[in-house]
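Structure, as structure tokens:
The values are calculated or read from the model by the stated rules, or taken from the named source; none is laboratory data. Source: prediction; values computed, not measured. Cβ placement follows ideal geometry from the backbone for every residue including glycine, while neighbour counts extend to all protein chains displayed.
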């Protein structure tokens, strides 16, 4: 699976990475330090948030990771109440655990961040046959996106009317359609539209 960076910050400086890993009590060989060399925090596939060097220490303190999971570091969350942890020493182990669960044994374990993201997306992509498509209403659509959505969904709305709908939270765009037919469109524009049945 190739990760889709829905939102990504520029790479972190070497000084910021060094300071963050020192405050976390770890070394610069941990996975998140390598990730920060690419981008200093990112939202992956619109679902999994990887924290920046500025956020990570505070998040680990807030969730008392040192106390509850002394061998792990909190590196992100799934935007739905679960935390993403990594081992302090092993680069290829990612844990997905409910934020209130004190037992690491209850976590789902993955060998890569790509596998973790695919798992999270798989849970949210179980679709029924007949669905409606709604606007999320949290991001502004570009004119190109409005035209593409209009064309790919086969809408008769004017561009201006569709743009207005896309800016309203939970505004119905299309109803009673087969999910499988529109899954690709919704996936491409998941920052603007979503399924609801």
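Of note:
- Any hit, region 29-43, residues being out of contact with any strand residue (DSSP E or B) (no Cβ under 8 Å at 6 or more places or on another chain) and over 24 Å from residue 79 (Cβ atoms): yes
- Annotation: residue 40 fulfils all but one of (1) touching a helix residue (DSSP H, G or I) at 6+ places or on another chain (Cβ under 7 Å); (2) under 14 Å from residue 99 (Cα atoms); the unmet one is (2).
- Condition check for residue 137: more than 18 Å from residue 24 (Cα to Cα), not assigned by TED's automatic domain parsing to the domain that holds residue 176 and not in a helix (DSSP H, G or I): no
- Hey, residue 164 part of a helix (DSSP H, G or I) and touching a residue at least 24 places away in the same chain (Cβ under 8 Å) or not: no
- When residue 181 is tested against (1) outside the structural domain of residue 33 (by TED's automatic domain parsing); (2) assigned to a helix (DSSP H, G or I); (3) touching a strand residue (DSSP E or B) at 6+ places or on another chain (Cβ under 9 Å), just one condition goes unmet, and that condition is (3).
Here is a yes/no grid of residues against (1) in contact (Cβ under 8 Å) with a residue 40 or more places away in the chain; (2) more than 19 Å from residue 7 (Cβ to Cβ):
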{"site": "142", "(1), (2)": "no, no"}
{"site": "153", "(1), (2)": "no, yes"}
{"site": "156", "(1), (2)": "no, yes"}
{"site": "170", "(1), (2)": "no, yes"}
{"site": "173", "(1), (2)": "yes, yes"}
{"site": "182", "(1), (2)": "yes, yes"}
{"site": "186", "(1), (2)": "yes, no"}
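- Scan region 140-154 for residues that are surrounded by fewer than 16 Cβ atoms within 10 Å (Cβ to Cβ) and either not assigned by TED's automatic domain parsing to the domain that holds residue 192 or not in a helix (DSSP H, G or I) (or both) and the total you get is 3.
- Failed item in (1) out of contact with any helix residue (DSSP H, G or I) (no Cβ under 9 Å at 6 or more places or on another chain); (2) within 15 Å of residue 132 (Cβ to Cβ), with residue 161 passing the rest: (2)
- Of all residues in region 27-37 being in contact (Cβ under 8 Å) with a residue 24 or more places away in the chain and more than 17 Å from residue 84 (Cα to Cα), the one that is nearest to the chain's Cα centre (by Cα): 37
- Unmet requirement for residue 115, which otherwise passes all of (1) in a helix (DSSP H, G or I); (2) at pLDDT 90 or above; (3) within 27 Å of residue 136 (Cβ to Cβ); (4) in contact with a strand residue (DSSP E or B) (Cβ under 9 Å, 6 or more places away or on another chain): (2)
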